[in-house]
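Participant: Could you have a look at this structure, given as structure tokens, before my questions?
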Amino acid sequence: MTERLRLGINIDHVATLRNARGGRHPDPLRAAAIAAKAGADSITAHLREDRRHIQDADIVALAREGVLPLNLEMAATPEMLEVTLANRPHAVCLVPEKRQELTTEGGLDAVAEKHHLAPYVEAMMAIGIEVAIFIDPERAQVEAARALGAFAVELHTGRYCNAEGEARTEELHRLVEAAERAVGLGLECHAGHGLSFDTVAPVAAIPEVCELNIGHFLVGEGVFVGLGASVQTMRALMDDARNGPLQKTTQRGSA
Ligand code: PXP
């Protein structure tokens, strides 16, 4: 499996910067256009309940302009379902959401929340929106996502990124096993959260993973080198990891 690994750029923190002054600059839509030119395949945006970064008008503009397919991250709530049905993004990633958290802290518990999640997955899949469920890399979670009828899982890479040494290798193996299980069950396997130039290669080398969603690091790096250059470097690192001669050793060996 050597098809090109897709790169989704999460532009939430372009909106964070804009909101710091309340005006229109920097515009997430402009960031989407730059990301597209630099080799991104989709745009990811999280409309949070508290609207701390992305606003409703951003979702309308991103969906309407269609610079790239839109992947909307959302909590499973009636309000967010309404936004989704109105804007018809290409894909949705269901995520857990707590008001006090700085960022999404863990995956959804698809096992415990199956009755709550089921109608959301069904309503969106029924109108052709590809629904992913953001989960920790655990077999039971992957199987629950499959049972819910999701199109994909997105594996939470945060623990892998935060771990060091042997512990990081262990976390990488958890991602590999969950990815194999997901594809074995007929799901697409995506991954993301916390990825940077230093951590992306081993995840990109997992052949079952077909999409990475990356935001905070790329927007931050963009402050120094420009968003386009930041995305281009990530794109090259992903392509090298997926296609390069070190693919197998990287995947199982060093994290
Ligand atoms: N995937 C999901 C489901 C997320 O919630 C986030 C953060 O919004 C990301 C990917 C991107 O994470 P980061 O901004 O740390 O790259």
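Participant: So how many residues does the stretch 213-239 have that are without any contact (Cβ under 8 Å) to a residue 12 or more places away in the chain and either within 11 Å of the ligand (Cβ to nearest atom) or among the aromatic types (Phe, Trp, Tyr) (or both)?
Facilitator: 1
Participant: Please tell me if residue 184 is modelled with pLDDT of 95 or more and crowded, with 17+ Cβ neighbours inside 10 Å.
Facilitator: Working: modelled with pLDDT of 95 or more: yes; crowded, with 17+ Cβ neighbours inside 10 Å: no.
In short, no.
Participant: Let me ask you something else. Looking at 18, 52, 48, which is the one that is surrounded by 13 or more Cβ atoms within 10 Å (Cβ to Cβ), not β-branched (Val, Ile, Thr) and not in a loop (DSSP other than H, G, I, E, B)?
Facilitator: The conditions single out 18.
Participant: Which one is nearest to the ligand (Cβ to nearest atom) among residues in the stretch 191-212 that are among the acidic types (Asp, Glu) and surrounded by 17 or more Cβ atoms within 10 Å (Cβ to Cβ)?
Facilitator: Within the stretch 191-212, the first condition is being among the acidic types (Asp, Glu), and the residues that meet it are 198, 208, 211.
Restricting the remaining residues to those that are surrounded by 17 or more Cβ atoms within 10 Å (Cβ to Cβ) gives 208, 211.
Numbers: 208: 17, 211: 10 Å.
Once the filter is applied, the top-ranked residue is 211.
Participant: In contact (Cβ under 8 Å) with a residue 24 or more places away in the chain and assigned to a strand (DSSP E or B) - does that describe any residue in the stretch 55-62? Give the derivation first.
Facilitator: Here is the first cut: in the stretch 55-62, the residues in contact (Cβ under 8 Å) with a residue 24 or more places away in the chain are 55-56, 58-62.
Those still in the list that are assigned to a strand (DSSP E or B) too: none.
No, there is no match, as no residue in the stretch 55-62 is in contact (Cβ under 8 Å) with a residue 24 or more places away in the chain and assigned to a strand (DSSP E or B).
Participant: Out of everything in the stretch 29-50 that is more than 13 Å from the ligand (Cβ to nearest atom) and free of Cβ contacts under 8 Å to residues at least 40 places away in the same chain, what residue ends up being nearest to residue 217 (Cα to Cα)?
Facilitator: Ranking the candidates gives 32 first.
Participant: Among the candidates 168, 139, 174, 159, single out the residue that is within 15 Å of the ligand (Cβ to nearest atom), among the basic types (Lys, Arg) and either at negative phi or surrounded by 22 or more Cβ atoms within 10 Å (Cβ to Cβ) (or both). Break it down stepwise before answering.
Facilitator: Working: 168 fails: within 15 Å of the ligand (Cβ to nearest atom); 139 fails: within 15 Å of the ligand (Cβ to nearest atom); 174 fails: within 15 Å of the ligand (Cβ to nearest atom).
None of the other options fit; the residue is 159.
Participant: Right, here's the next one. Could you figure out which of (1) without any contact (Cβ under 8 Å) to a residue 12 or more places away in the chain; (2) closer than 22 Å to residue 132 by Cα isn't true of residue 21?
Facilitator: Tallying (1) without any contact (Cβ under 8 Å) to a residue 12 or more places away in the chain; (2) closer than 22 Å to residue 132 by Cα, residue 21 fails exactly one: (2).
Participant: Tally up the residues in the stretch 195-225 that are part of a loop (DSSP other than H, G, I, E, B) and of a type outside the set (A, V, I, L, M, F, W, C), please.
Facilitator: 6
Participant: In the set 208, 221, 122, which member is of a type in the set (D, E, K, R) and out of contact with any helix residue (DSSP H, G or I) (no Cβ under 7 Å at 6 or more places or on another chain)?
Facilitator: Values: 208 fails: out of contact with any helix residue (DSSP H, G or I) (no Cβ under 7 Å at 6 or more places or on another chain); 221 fails: out of contact with any helix residue (DSSP H, G or I) (no Cβ under 7 Å at 6 or more places or on another chain).
Of 208, 221, 122, the one residue that is of a type in the set (D, E, K, R) and out of contact with any helix residue (DSSP H, G or I) (no Cβ under 7 Å at 6 or more places or on another chain) is 122.
Participant: Give the residue that is surrounded by the fewest Cβ atoms within 10 Å (Cβ to Cβ), with candidates limited to residues of the stretch 59-68 that are within 18 Å of the chain's Cα centre (by Cα) and within 14 Å of residue 84 (Cβ to Cβ).
Facilitator: The extreme case among them is 63.
Participant: Give the residues of the stretch 142-156 that are part of a loop (DSSP other than H, G, I, E, B) and buried (at least 18 other Cβ atoms within 10 Å of the Cβ), sorted by residue number.
Facilitator: Restricting attention to the stretch 142-156, the residues satisfying the condition of being part of a loop (DSSP other than H, G, I, E, B) are 148-151.
148, 150, 151, listed by residue number.
Participant: Here is a follow-up. Suppose we filter the stretch 109-128 for residues that are buried (at least 20 other Cβ atoms within 10 Å of the Cβ) and part of a loop (DSSP other than H, G, I, E, B); how many remain?
Facilitator: Pass one, the stretch 109-128, residues buried (at least 20 other Cβ atoms within 10 Å of the Cβ): 110, 117, 120-121, 124.
Among the residues that remain, those that are also part of a loop (DSSP other than H, G, I, E, B) are: 110.
Here the count works out to 1.
The values are calculated or read from the model by the stated rules, or taken from the named source; none is laboratory data. Remember, it's a predicted structure, so these values are computed and weren't measured experimentally. Using ideal geometry, Cβ is built from the backbone for each residue, glycine included, and neighbour counts are taken over all protein chains shown.
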